[in-house]
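Okay, structure first, notes after.
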């Protein structure tokens, strides 16, 4: 299957290991990700806090580019994903007219293709994942963290359960890891509050990392660049808990060179993988 | 100011469509406030925001800091028994506060700076955003070590990006009437 790949701003910078590990594992699975040409920022929370037209226009330009490539869009950032999907679904159900969006962005857009998150794409192919595992993640206790925008709001994401999602847990189990049952799965990390209200993000990220420590997790597993950065840089306690991307763990289990991704982290996850005999 | 709070036909009808939500359906069960990660920092809690919209007391909300504490995490919406899109109603308040110049929060300043960068570069330029924000917040020393570490790890770009389709962002901002400079 071919997708128009939208790395998002963080995928180029703070979450580059998420971007490169995604490309590597998708290539191993035969999922072709073609990076979109000349994409722009989705507008994030700033656009939808400011103006509905601007929010739809920024996402709409990207959707139109993907549509021109005649492929569904695949995003790695849950926030980009949910913003893009909102515009796509509103055009599909007619609450935002095709004429209105096309005029805003100066490009035709008809909402003919879907928008999917990469976790949704890979978890739909569990058998293909299992076949590629050459180094099962035996003994690794992993806390799957979904955050907000993969599962909320339900009518936009259309993915898993809002309160107790399990798709990432099942993926981790199929990689051979031990997925911890824990209470922090869908709690908010504080998002872009990291820029304006550090103490709030410290409190929220601290609670999430404490919950993961409570169930003796070795790592928290993230599917979002901003959540990962918040959890890595704002968590509390002296025993820093590494926060890795699910795609990095897939790569490790597939026998790919995961070390180069792990080196990009602020909290070095290499010692915990060594301790479990996985590196 | 009158102390009698009453829902009128006009305020009920405004609440029914506020932000594309159905705020008129709120019966104050407080599920939103109980699950809200930011409620502890709001001077007006989410359920009280809904009530004030029903009562037509929107002006008070526009100058509040509570609406800017909302993280947009969508927990309230996913749990609301009446499926009221609370984050969308709060977004509507943010839009009105921004366009009337009543938004006094640092979050509003953040959104302006963020979007100003997107208008110029098409993509987020983190270093530029952080520097502008530091000036706006008069906070020059926090996270400098973290920033340096990120640069060393190649996780922050030193130069802004630019789109090949030049002028595309400017046009989009103009057409959508967003007053960011």
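The values are calculated or read from the model by the stated rules, or taken from the named source; none is laboratory data. Since this is a predicted model, take the numbers as computed values, not measurements. Virtual Cβ from ideal backbone geometry, glycine too; neighbours counted across all protein chains shown.
Can you tell me which residues in segment B:63-98 are over 14 Å from residue B:37 (Cβ atoms) and facing chain A (nearest Cβ under 8 Å)? Hits for segment B:63-98 are B:85, B:91, B:94, B:95, B:98.
The residue that is farthest from the other protein chains (Cβ to nearest Cβ), counting only those in segment A:1-26 that are surrounded by fewer than 24 Cβ atoms within 10 Å (Cβ to Cβ) and under 21 Å from residue A:70 (Cβ atoms), is A:1. Among the residues of segment A:170-180, how many are under 14 Å from residue A:215 (Cβ atoms) and surrounded by fewer than 23 Cβ atoms within 10 Å (Cβ to Cβ)? Counting residues in segment A:170-180 that are under 14 Å from residue A:215 (Cβ atoms) and surrounded by fewer than 23 Cβ atoms within 10 Å (Cβ to Cβ) gives 2.
Of all positions in segment A:124-139, none carries a residue that is closer than 23 Å to residue A:231 by Cβ and within 14 Å of chain B (Cβ to nearest Cβ).
Within the bounds of segment A:219-229, is there any residue that is without any contact (Cβ under 8 Å) to a residue 60 or more places away in the chain and on the phi < 0 side of the Ramachandran plot? No, because not a single residue in segment A:219-229 is without any contact (Cβ under 8 Å) to a residue 60 or more places away in the chain and on the phi < 0 side of the Ramachandran plot.
Counted as qualifying within segment A:215-279 are the helices (runs of 4 or more DSSP H) with 3 or more residues that are under 19 Å from residue A:188 (Cβ atoms), namely A:225-234. Scanning segment A:122-141 for residues that are part of a helix (DSSP H, G or I) and touching a helix residue (DSSP H, G or I) at 6+ places or on another chain (Cβ under 8 Å) turns up A:122, A:123, A:126, A:128, A:129, A:130, A:132. If you check residue A:23 against the conditions, is it outside the structural domain of residue A:151 (by TED's automatic domain parsing) and out of contact with any strand residue (DSSP E or B) (no Cβ under 7 Å at 6 or more places or on another chain)? The answer is no for residue A:23.
Taking (1) over 30 Å from residue A:164 (Cα atoms); (2) over 14 Å from the mean Cα position of the chain (by Cα); (3) at pLDDT 95 or above in turn, residue B:127 satisfies each apart from (3). Considering only residues that are outside any helix (DSSP H, G or I) and at the interface with another protein chain (Cβ under 10 Å from one of its Cβ atoms), look in segment B:168-181 and name the one that is surrounded by the fewest Cβ atoms within 10 Å (Cβ to Cβ). Here the answer is B:177.
Taking the condition within 11 Å of another protein chain (Cβ to nearest Cβ) and part of a loop (DSSP other than H, G, I, E, B), does residue A:41 pass? In short, yes. Looking across segment B:132-157 at every residue that is more than 10 Å from every other protein chain (Cβ to nearest Cβ) and part of a loop (DSSP other than H, G, I, E, B), the one that is farthest from residue A:259 (Cα to Cα) is identified as B:138.
Only one of these conditions is not met by residue A:107: (1) surrounded by fewer than 16 Cβ atoms within 10 Å (Cβ to Cβ); (2) within 13 Å of another protein chain (Cβ to nearest Cβ); (3) over 30 Å from residue B:70 (Cα atoms). Which number is it? Here residue A:107 clears every test but (1). On the basis of being within 11 Å of chain B (Cβ to nearest Cβ) and either over 14 Å from residue B:118 (Cβ atoms) or free of Cβ contacts under 8 Å to residues at least 12 places away in the same chain (or both), does residue A:65 make the cut? It is true that residue A:65 is within 11 Å of chain B (Cβ to nearest Cβ) and either over 14 Å from residue B:118 (Cβ atoms) or free of Cβ contacts under 8 Å to residues at least 12 places away in the same chain (or both).
Are any of the residues in segment B:159-167 in a helix (DSSP H, G or I), touching a helix residue (DSSP H, G or I) at 6+ places or on another chain (Cβ under 8 Å) and either at the interface with another protein chain (Cβ under 9 Å from one of its Cβ atoms) or crowded, with 19+ Cβ neighbours inside 10 Å (or both)? So far as segment B:159-167 goes, no, none of its residues is in a helix (DSSP H, G or I), touching a helix residue (DSSP H, G or I) at 6+ places or on another chain (Cβ under 8 Å) and either at the interface with another protein chain (Cβ under 9 Å from one of its Cβ atoms) or crowded, with 19+ Cβ neighbours inside 10 Å (or both). Among residues of segment A:181-202 being part of a helix (DSSP H, G or I) and surrounded by fewer than 19 Cβ atoms within 10 Å (Cβ to Cβ), the one that is nearest to the other protein chains (Cβ to nearest Cβ) is A:198.
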